[in-house]
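The values are calculated or read from the model by the stated rules, or taken from the named source; none is laboratory data. No experiment lies behind these values; they were computed from the predicted model shown. Please note: Cβ atoms are built from the backbone with ideal geometry, for glycine as well, and neighbour counts cover all protein chains shown.
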């Protein structure tokens, strides 16, 4: 199926949208496509086929599912290069080949459906009334015997949920089946025009992968808050020599894109220290590496953030995407919010990617004149787009190594400034030991809950036992209680690299019950027999993540971005294997036991108004009303 969908269209514009689609199809049939656009699409297909990811095989299976279900030729579908050659040949023989396809399948095809959906202001209320009415009708129609049978069935279900499953009948790995050592990947560090460059020669299938980290510690607090918006717009606004359309087309034609992302990397030895910056990334076919460096050179030296209309469009698009995305990742937002109350590193992350950022973008999108903000974007560009605080890494194939390095040398030599202090560590000792919580009121019918506890950094001896403990309590306690008994879509615990032990629930009909379950984790553990098989299962779950395939593009990146070396990984591996039941109970008592001295605990709840939360006085809840009513409600309905 060929599908075009739009969101946020006014009902009076429905007909106009259809007319625009029809006229666009007619125009394409008449005039065709620009040659560069077609080449950019074909280049993207070639790059996608050669680009290796850790779940490459799984993605192929997912993409083949539809064809498989309809008895299609799976082997033929995998011969993508043959299909591209065939398409290219047909376009060469018939310059109007694509136009004929558009005419057949879009222009002359009457088998189409236009579907419009408009929100009902009283939807939630009407739904609740209808459900209550249906429930009352069902209850009134039950006999005494049927009510008793429902009660008996409930007791049977509860017994089944509490029964220990016999996993011994399943085939399983054992700890001794795991490999002894981590995979080590050779890297070297060189200086290119004064800029540190981590070099890793890998079997990249003819693709060069580039990363750079621009340290942003020197920016003012005001500008730091705008870094996520800067990252989003900087490569979409054009330069002094190219408008944004031309520059975007050049990127698609020669690269997999030029990306800017937030970079907050916690220090492996301190939960209060971190590196703050902007991570830039791109990749390209080796034959296009010179063009990629030219694009980076153009963007760093000639970026032009002056197109106000384009800037306003990007701001509104980003704000809408963020608001609509809350319900999809509500548990992640809740974990970020809770962690920000106890950790300076998490506090920075929350301001750049959490609900604080979403709220800020919503306010920005409502500003009538964005000119001053656009000037801030240019100010950030002037301060960070240089080699002064830049460090970088490249993964590439051996065949084109010298050519690629020559290109990157020319890029660095063109940049302003002199390289100095490429790695700067920020530190913030301001942590609050008072327990606190944030309730973000949003118009959902379910909740996203999180409790965060500040523990220890990556290299601390307690980190490995805590990591195993998070997996253990997720499977034996939190998942059964929150999902199976509580009715949530999911729940569990995670230990982050900055040492935050986070409990969470996803699309949870409960709230206070879930927080009580979080608080009773230690009590559950001391009353649980904790067989060795459960400990081993938790370890295997951790190693499933650790031993996931690392594609050539990402080898050596843990060291580059977080300073975690192969020796650190090997030490962590040995510690994880050696974790005992006694260690698990020790760290549980030390960090999870309620009332622990000096414990730093934060909580977060995302969901509808909750009266019960206000009665939990010891947890010091703050209610934050952030109702994005229409869009958030509409998004949740689409999720259901």
- Query: Among the helices (runs of 4 or more DSSP H) contained in the range 20-114, which hold 2 or more residues that are touching a helix residue (DSSP H, G or I) at 6+ places or on another chain (Cβ under 9 Å) and at pLDDT below 90?
  - Reply: 35-50, 56-69, 74-78, 80-93
- Subset of the range 382-399 that is assigned to a helix (DSSP H, G or I) and either in contact with a helix residue (DSSP H, G or I) (Cβ under 9 Å, 6 or more places away or on another chain) or modelled with pLDDT of 95 or more (or both) - its residue that is surrounded by the most Cβ atoms within 10 Å (Cβ to Cβ): 384
- Item | Count of the range 241-261 residues which are surrounded by fewer than 18 Cβ atoms within 10 Å (Cβ to Cβ) and touching a strand residue (DSSP E or B) at 6+ places or on another chain (Cβ under 8 Å) | 3
- Query: Does the range 107-130 contain at least one residue that is more than 30 Å from residue 25 (Cα to Cα), touching a residue at least 12 places away in the same chain (Cβ under 8 Å), within 36 Å of the chain's Cα centre (by Cα) and not assigned by the TED database to the domain that holds residue 205?
  - Reply: yes
- Message: For the structure I just gave you, tell me whether residue 152 is within 30 Å of the chain's Cα centre (by Cα) and assigned to a helix (DSSP H, G or I).
- Response: no
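Being in a loop (DSSP other than H, G, I, E, B), surrounded by 13 or more Cβ atoms within 10 Å (Cβ to Cβ) and modelled with pLDDT under 90 is the requirement here; does residue 7 meet it?
It is false that residue 7 is in a loop (DSSP other than H, G, I, E, B), surrounded by 13 or more Cβ atoms within 10 Å (Cβ to Cβ) and modelled with pLDDT under 90.
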- Task: Only one of these is surrounded by fewer than 22 Cβ atoms within 10 Å (Cβ to Cβ), touching a strand residue (DSSP E or B) at 6+ places or on another chain (Cβ under 8 Å) and assigned to a loop (DSSP other than H, G, I, E, B): 461, 443, 422. Name it.
- Result: 422
- Of all residues making up the range 284-294, the number that are surrounded by 23 or more Cβ atoms within 10 Å (Cβ to Cβ) and outside any strand (DSSP E or B): 3
- Is it the case that the range 371-381 has a residue that's touching a residue at least 40 places away in the same chain (Cβ under 8 Å) and either under 23 Å from residue 506 (Cβ atoms) or not in a helix (DSSP H, G or I) (or both)? no
- Please indicate, with yes or no, whether at least one residue in the range 303-313 is closer than 30 Å to residue 562 by Cβ and not in a helix (DSSP H, G or I). yes
- Query: Could you list, in sequence order, the residues of the range 328-344 that are surrounded by fewer than 24 Cβ atoms within 10 Å (Cβ to Cβ) and farther than 11 Å from residue 502 by Cβ?
  - Reply: 328, 329, 344
- Message: So for the range 522-544 (the condition being crowded, with 17+ Cβ neighbours inside 10 Å, in contact with a strand residue (DSSP E or B) (Cβ under 9 Å, 6 or more places away or on another chain) and either in the same structural domain as residue 609 (by the TED database) or in contact (Cβ under 8 Å) with a residue 60 or more places away in the chain (or both)), does at least one residue qualify?
- Response: no
- Checklist (1) touching a helix residue (DSSP H, G or I) at 6+ places or on another chain (Cβ under 9 Å); (2) under 25 Å from residue 553 (Cα atoms); (3) not in a loop (DSSP other than H, G, I, E, B) applied to residue 402, failing item: (1)
